[in-house]
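The values are calculated or read from the model by the stated rules, or taken from the named source; none is laboratory data. What you see is a predicted model; the values in this text were computed from it and never measured. Cβ coordinates were reconstructed from backbone atoms using ideal geometry, including for glycine residues, and neighbour counts include every protein chain displayed. To get the accessible areas, we keep the full protein, side chains included, count just its heavy atoms, and leave off ligands, DNA and RNA. Shrake-Rupley method; radii C 1.70, N 1.55, O 1.52, S 1.80 Å.
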Amino acid sequence: MRRHRRRVTALLLSAVLTATGLAATTSPPAAASIDTHTLGARYDSAGSAITFRIRSAAATRMVVHLYATPTGAAERASHVLTRDAAGVFATTVSVASIRAAGITGTVYYGYRAWGPNWPYSSAWTKGSSAGFVADVDAAGNRFNPNKLLVDPYAREISHDPLRPGMTTETVYASGPAYRTIDSGPHAPKGIVLPATTASVGTKPARAFADDIVYEVHVRGLTMNDPGVPAAYRGTYRGAGMKAAYLASLGVTAVEFLPLQETLNDANDVDPTGTAGDNYWGYMTLNWFAPDRRYAADRSPGGPTREFQEMVRAFHDAGIKVLVDVVYNHTGEGGVYQAGGAQVYNLLSWRGLDNPTYYSLTADRQASWDNTGVGGNYNTYNPVAQDLIVDSLAYWKNTLGVDGFRHDLAAMLGNTCQHGCFSYSRTDPGTALNRITREMPPRPAAGGSGVDWIAEPWAIGAGTYQVGNMPAGWSEWNGRYRDTLRRDQNRMGYQAVTPGQLADRFAGSADLYGDDGRRPWNSVNFMVAHDGFTLRDLYACNAKNNAQPWPYGPSDGGTDDNASWDQGGVAADQRRAARNGHAFLMVSAGTPMVTGGDEVLRTTRCNNNPYNVDSSANWLGWSPSAEQATFRTFASRLASFRLAHPALRPRSFYSAADGNGNGMAQLAWFTPAGTAPDGGYWQNPDNHAIAWRIDGTEFGDPAAAIYAAYNGWSGDVNFVLPSPGAGRQWYRVTDTSNWAEGPDQVAQPGAETHLGGQGTNYLLRGRGLLLLIAR
Ligand SMILES: [Ca+2]
Ligand SMILES: [Ca+2]
Ligand SMILES: [Ca+2]
Ligand SMILES: [Ca+2]
């Protein structure tokens, strides 16, 4: 059902997808502290020498090559590194000697490594087979000195492996046809950067419960935006220029699709086609380096500086920066078939320490794959975990990021290194638990800390873990999405009860209350980048991914969308989108909206445009009158949420009267204004439910808030409950078609007076009503 395959060669996945539970697991080690081994390439404080440090458990020889240019020329200097007892290879090189070797500007570097499957031979030269024993040995080692390797701790890399003009990545491959090709002239190089002390502004301390998250692609955000200077469109700098716009939408946290270096340099080789393209960016090449293509300043150090400046721009507007990170697999890719052999590329981790960094089959001859997109990263290995936490700490501390959304995070709860997959919530040795131990989550009330967000599933047996991430983790709540989509779009086909609706509106206590977590650990969403846009969810009965450029073609994409075109009635499609947005804004939990949905963005039913780097897939900035009306609706309702703490509870709502004012903190109602009984809750033929929150228990400016949802196609009369002694009900919004217009959400103070307890309100079919008491 996903999204980012990188080559058409068949992946050998099927054999491992369903197998489970063979190998013994090792007991978890004590957590190391962050950056213990000071890996990478660093100038000394005087800038007179560079120390190179890189780790490999099984390497027997390690050489660093230094280059004056990133491609096309041989190295200017080489240095053999010395191994210490911890498996760290190191050497210190004077800058004077580097200059003397002819490297007068930026220092580019890469590694060649030898090991048991390819021991060093003095007869070896670049492109030779001297010393070769096997592409892979019984331990899973895949050393090959003909492949120049990127330092996993490089702060920037010079370029992607597949550059414009290259038609194949096989220069990086092992196997009989490719193992003696020297990748050095082509391979990405690490860049030695001076330590940075740039300001990233003041990190917002806002509680995650109070956030509204806006998920967007950094390039897609501004590539089409005429309000951004052309040179900055699609870049970090351009994104930072949108801080005020996002704030105007009520957004408090921007969540970018992956920004760590990914395969995308060749996207524009065919500017009107998708062959080989990767737009979303879920094929990571290096976990430290910000992607160079997203920088307006692509000079060495430019991406880092510009990223920090973008973060500062958002921070200055009070907006958090969250980043989607991909630690479940890498851009090194999976196996492919060539000349009858099973072939792997060697770009970095695989050539340095394959069994440490990758989860392998029990015989260690092949990748283990639960993601469908390449070999699993070996998240239970402590050294592999070091790279996770060290790079996250760099993004947090040096680049200024406030939180992270972890792609396919079930993989980070794996407790098995090779030959199986086994998820555990409680094992202290998992990557999930180590991450939150070393970088504590932000407290419920706000303050310093990290907002940790999991995509709590993957592909393959045992990976669907919604509601089962460890303490400290918030989750994309797939149950929220699925339940509410089915209620809107699948009536008559899939049963949804009022009780199930109430669970989702009230923060999903069934998922997060059973393990000590809170409603705000539920990231509520109706759509995300992965799937239909909000508009398409209510305008498409099925995906249409094979359509031509610029809306496709894409492959993959789920067929289980719970979508519906509302009978083809455009006004009803917009109403459904209003409801989808309104659900998020009135539910307990942390809402996430998707960039462009504020103007009903469409990809014309492509639900997997992972590869479509086109103007049609970038956000549009010329909304029609109807789209602008929707944006006003969406932003006003977001503002309402931000103004009403009663909608953002820190803990699950109580059914008791917490302050003795005669009103329960939360009460549910049938349309008749009575408390639902068990029969009402459990009957999927009931499609209407209402609830009232006592605002006085939350310091809310409203004495009470009442929401009523009529999921039925016909009108339903709601009898309003008590607004509290001496109070009256006022309408904030009714999402029905009759009210569509710029003032469908009333401005504060302009709400329509309705009356008190017992007032009848006829709510049209598929309408949502929101009231305040004052
Ligand atoms: Ca790139
Ligand atoms: Ca292209
Ligand atoms: Ca749970
Ligand atoms: Ca009360």
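Just need a number here: residues in segment 302-321 that are within 15 Å of ligand 1 (Cβ to nearest atom), buried (at least 19 other Cβ atoms within 10 Å of the Cβ) and more than 9 Å from TYR236 (Cβ to Cβ).
Filtering segment 302-321 for residues within 15 Å of ligand 1 (Cβ to nearest atom) gives 302-304, 306-307.
Add one more test, that the residue is buried (at least 19 other Cβ atoms within 10 Å of the Cβ), and what stays is 303-304, 306-307.
Next cut, more than 9 Å from TYR236 (Cβ to Cβ) only: 304.
Residues flagged as within 15 Å of ligand 1 (Cβ to nearest atom), buried (at least 19 other Cβ atoms within 10 Å of the Cβ) and more than 9 Å from TYR236 (Cβ to Cβ) within segment 302-321 amount to 1.
Taking segment 64-105 as the range and being within 16 Å of ALA187 (Cβ to Cβ) and among the polar types (S, T, N, Q) as the test, the residues that pass are THR69, THR71, SER78. Residue selection: GLU255 fails the criterion of being in contact with a Lys or Arg (Cβ under 8 Å, 6 or more places away or on another chain), within 18 Å of GLY40 (Cβ to Cβ) and not hydrophobic (A, V, I, L, M, F, W, C). In the set HIS217, HIS186, HIS159, only one residue is open to solvent by less than 40 Å² (accessible area, probe 1.4 Å) and away from ligand 2 (no atom under 16 Å from the Cβ); that residue is HIS159. Within segment 625-668, take every residue that is more than 11 Å from MET585 (Cβ to Cβ) and among the basic types (Lys, Arg) and give me the one that is nearest to ligand 1 (Cβ to nearest atom). The qualifying residue nearest to ligand 1 (Cβ to nearest atom) is ARG631.
Before we move on, is GLY87 over 18 Å from GLY72 (Cα atoms), open to solvent by less than 20 Å² (accessible area, probe 1.4 Å) and at pLDDT below 95? Reasoning before the result, please.
Numbers: over 18 Å from GLY72 (Cα atoms): yes; open to solvent by less than 20 Å² (accessible area, probe 1.4 Å): yes; at pLDDT below 95: yes.
Against the criterion (over 18 Å from GLY72 (Cα atoms), open to solvent by less than 20 Å² (accessible area, probe 1.4 Å) and at pLDDT below 95), GLY87 qualifies.
Output the residues belonging to segment 584-612 that are of a type in the set (D, E, K, R) and buried (at least 24 other Cβ atoms within 10 Å of the Cβ). Full working, then the answer.
Of segment 584-612, the ones of a type in the set (D, E, K, R) are 597-598, 601, 604.
Of everything in segment 584-612, those that are of a type in the set (D, E, K, R) and buried (at least 24 other Cβ atoms within 10 Å of the Cβ) turn out to be ASP597, GLU598.
Is it true that PRO645 is surrounded by fewer than 21 Cβ atoms within 10 Å (Cβ to Cβ) and either within 23 Å of VAL323 (Cα to Cα) or more than 16 Å from ligand 3 (Cβ to nearest atom) (or both)? Working first, answer last.
On the way: surrounded by fewer than 21 Cβ atoms within 10 Å (Cβ to Cβ): yes; either within 23 Å of VAL323 (Cα to Cα) or more than 16 Å from ligand 3 (Cβ to nearest atom) (or both): yes.
Spelling it out, PRO645 is indeed surrounded by fewer than 21 Cβ atoms within 10 Å (Cβ to Cβ) and either within 23 Å of VAL323 (Cα to Cα) or more than 16 Å from ligand 3 (Cβ to nearest atom) (or both).
Test THR533 against the criterion of being crowded, with 24+ Cβ neighbours inside 10 Å and more than 11 Å from GLY467 (Cα to Cα), and give yes or no. Answer is yes for this residue.
Could you pull out every one of the strands (runs of 3 or more DSSP E) wholly within segment 668-772 that has 3 or more residues that are surrounded by fewer than 16 Cβ atoms within 10 Å (Cβ to Cβ)?
Details: elements: 688-694, 704-710, 716-719, 729-734, 752-755, 760-763.
Fully inside segment 668-772 and qualifying: 752-755.
For segment 213-224, the criterion of being touching a helix residue (DSSP H, G or I) at 6+ places or on another chain (Cβ under 6 Å), more than 16 Å from ligand 3 (Cβ to nearest atom), in contact (Cβ under 8 Å) with a residue 12 or more places away in the chain and in a loop (DSSP other than H, G, I, E, B) is satisfied by no residue at all.
Every residue, every condition in (1) away from ligand 3 (no atom under 15 Å from the Cβ); (2) part of a helix (DSSP H, G or I); (3) touching a residue at least 24 places away in the same chain (Cβ under 8 Å), yes or no:
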| position | (1), (2), (3) |
| --- | --- |
| VAL496 | yes, no, yes |
| ALA502 | yes, yes, yes |
| GLY507 | no, no, yes |
| MET526 | yes, no, yes |
| ASP530 | yes, no, yes |
| ASN541 | yes, no, yes |
| ASN544 | yes, no, yes |
| TRP549 | yes, no, yes |
| GLY567 | yes, yes, no |
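Scanning segment 266-301 for residues that are at pLDDT 95 or above, of a type in the set (Asp, Glu) and either open to solvent by 10 Å² or more (accessible area, probe 1.4 Å) or within 16 Å of ligand 2 (Cβ to nearest atom) (or both) returns a single hit, ASP297.
The residues of segment 698-733 that are in contact with a strand residue (DSSP E or B) (Cβ under 9 Å, 6 or more places away or on another chain) and within 12 Å of ligand 4 (Cβ to nearest atom), listed by number, are ASP700, ALA703, ALA704, SER722, GLY724. Has segment 165-180 got any residue that is more than 16 Å from ligand 4 (Cβ to nearest atom), crowded, with 21+ Cβ neighbours inside 10 Å and aromatic (Phe, Trp, Tyr)? Looking for residues that are more than 16 Å from ligand 4 (Cβ to nearest atom), crowded, with 21+ Cβ neighbours inside 10 Å and aromatic (Phe, Trp, Tyr), one finds at least one in segment 165-180, hence yes.
Are any residues in segment 241-256 outside any loop (DSSP other than H, G, I, E, B) and either farther than 21 Å from VAL325 by Cα or open to solvent by 10 Å² or more (accessible area, probe 1.4 Å) (or both), and if so, which ones? Quick ask: steps written out before the conclusion?
Looking only at segment 241-256, we keep the residues that are outside any loop (DSSP other than H, G, I, E, B), and these are 243-248, 253-256.
Hits for segment 241-256 are ALA243, ALA244, TYR245, LEU246, ALA247, SER248.
Against the test of being more than 20 Å from ALA638 (Cα to Cα), open to solvent by 40 Å² or more (accessible area, probe 1.4 Å) and within 16 Å of ligand 3 (Cβ to nearest atom), the options ARG486, ARG479 yield a single qualifying residue, ARG479.
Checked against (1) without any contact (Cβ under 8 Å) to a residue 60 or more places away in the chain; (2) open to solvent by 10 Å² or more (accessible area, probe 1.4 Å), ALA577 passes all but a single condition, namely (2).
Looking at ALA445, ALA409, just one residue is among the hydrophobic types (A, V, I, L, M, F, W, C) and over 18 Å from ASN328 (Cα atoms), and that residue is ALA445.
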